[in-house]
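Q: Just dropping this structure here.
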Amino acid sequence: MLMEKQYIGQCEIPNMTIRYYMIKQGIYYGVELVEEQRDKLICMSELISEVAEVALSLAEKLFKNNVTTITLTDIIDDWIG
């Protein structure tokens, strides 16, 4: 299935670059993080809402706080719950 991405921003932390996106797949919106570490790329995405503004708000907060893929699932669980 086709996925659309809207670039939010990127942060540089030691040995890693993280890019943040709001994504859309079908009628659902979510967030995606892409971590680039030396010779590997790690991607993690979660669809969270049928409302674009909800996903955009979360993506912007993740970017502002330099969230990594390791903690993304826990943060989304807390944010939705």
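Q: Identify the GluC sites (Glu not before Pro) of region 19-72 meeting these criteria: DSSP loop state and at most 16 other C-beta atoms within 10 Å of the C-beta. Working shown, then result.
A: On the way: sites: Glu32, Glu35, Glu36, Glu46, Glu50, Glu53, Glu60; in loops: Glu50.
Sites meeting the loop and neighbour criteria: Glu50.
Q: Okay, next question. Given Cβ point charges of +1 (Lys, Arg) and -1 (Asp, Glu) and nothing else, what value in debye, to the nearest 20, does the dipole of the chain about its Cα centre take?
A: 220
Q: Let me ask something else about it. Given H placed on each backbone N at 1.01 Å, which residues far from Ser49 in sequence or on other chains put an amide H within less than 5 Å of it?
A: Tyr29
Q: Can you pull the Rg over Rh of region 32-80, Cα-only, Kirkwood?
A: That ratio is 0.98, to two decimals.
Q: Using Cα pairs under 8 angstrom and six or more residues apart, how large is the relative contact order of the chain, in percent?
A: Reported as a whole number, the value is 25 percent.
Q: Return the single residue from Ile18, Ile48, Ile70 with maximal mean-square fluctuation; model: Gaussian network over the chain, springs between Cα atoms under 10 Å.
A: For the chain, modelled as a Gaussian network with Cα springs under 10 Å, the answer is Ile70.
Q: Follow-up. Given the rule -39500 (n - 2.57) for each run of at least 4 DSSP H residues, summed and divided by the residues of the chain, what is its mean residue ellipticity at 222 nm, to the nearest 500 deg cm²/dmol?
A: -9500 deg cm²/dmol
Q: For a quick check of your reading of the filter: which trypsin sites (Lys or Arg not before Pro) in region 30-75 sit in a DSSP loop and have no more than 14 other Cβ atoms within 10 Å?
A: For trypsin sites (Lys or Arg not before Pro) across region 30-75 that sit outside H, G, I, E and B with at most 14 neighbouring Cβ atoms in 10 Å, the list reads Arg38.
Q: Can you return the lysines within cross-link range of Lys64? Criterion is Cα-Cα under 20 Å, with same-chain partners fewer than 8 residues away left out.
A: List returned: Lys5.
Q: Then there's this: Write down the accessible area per residue of the chain in Å², having rolled a 1.4 Å probe over the full set of protein chains.
A: For the chain, the per-residue accessible area is 63 Å².
Q: With θ set to phi - 60° and the Karplus curve 6.51 cos²θ - 1.76 cosθ + 1.60, what are the ³J(HN,Hα) couplings of region 71-79 in order, to the nearest whole Hz, using x for Gly and Pro?
A: Listing the rounded values in order: 9, 4, 4, 5, 5, 5, 4, 5, 5 Hz.
Q: Work from the charge dipole of the chain (Cβ charges, +1 for Lys and Arg, -1 for Asp and Glu, about the Cα centre) and give the residue of Cys11, Met1, Val51 farthest towards its positive end.
A: Of the options given, the answer is Cys11.
Q: Using the Karplus equation 6.51 cos²θ - 1.76 cosθ + 1.60 (θ = phi - 60°), what ³J(HN,Hα) coupling, rounded to whole Hz, does each residue of region 18-34 give in order, writing x for Gly and Pro?
A: Ordered by residue, 3J(HN,Hα) equals 10, 10, 10, 9, 9, 10, 9, 9, x, 9, 9, 10, x, 10, 9, 10, 10 Hz.
Q: Using every pair of alpha-carbon atoms in region 1-56, split the distances into 10 Å bins beginning at 0 and state the percent of pairs per bin, rounded to integers.
A: Calculated P(r), rounded to whole percents: 25, 48, 23, 4.
Q: What is the helix-to-structure angle for 52-64, meaning the angle in degrees between its Cα long axis and the longest Cα principal axis of the chain, kept from 0 to 90 and rounded to the nearest 10?
A: Computed tilt is about 20 degrees.
Q: Continuing with the same structure: Identify which of Leu33, Leu56, Leu41 has the largest mean-square fluctuation in a Gaussian network model of the chain, with springs joining Cα atoms closer than 10 Å.
A: Among Leu33, Leu56, Leu41, the largest GNM mean-square fluctuation belongs to Leu41.
The values are calculated or read from the model by the stated rules, or taken from the named source; none is laboratory data. Given the structure is predicted, the values throughout are model-derived calculations rather than measurements. A quick note on method: Cβ atoms are made from the backbone with ideal geometry, for glycine too, and the neighbour counts reach across all protein chains shown. These area figures cover heavy atoms from the full protein model, side chains too; ligands, DNA and RNA do not enter into them. Shrake-Rupley method; radii C 1.70, N 1.55, O 1.52, S 1.80 Å.
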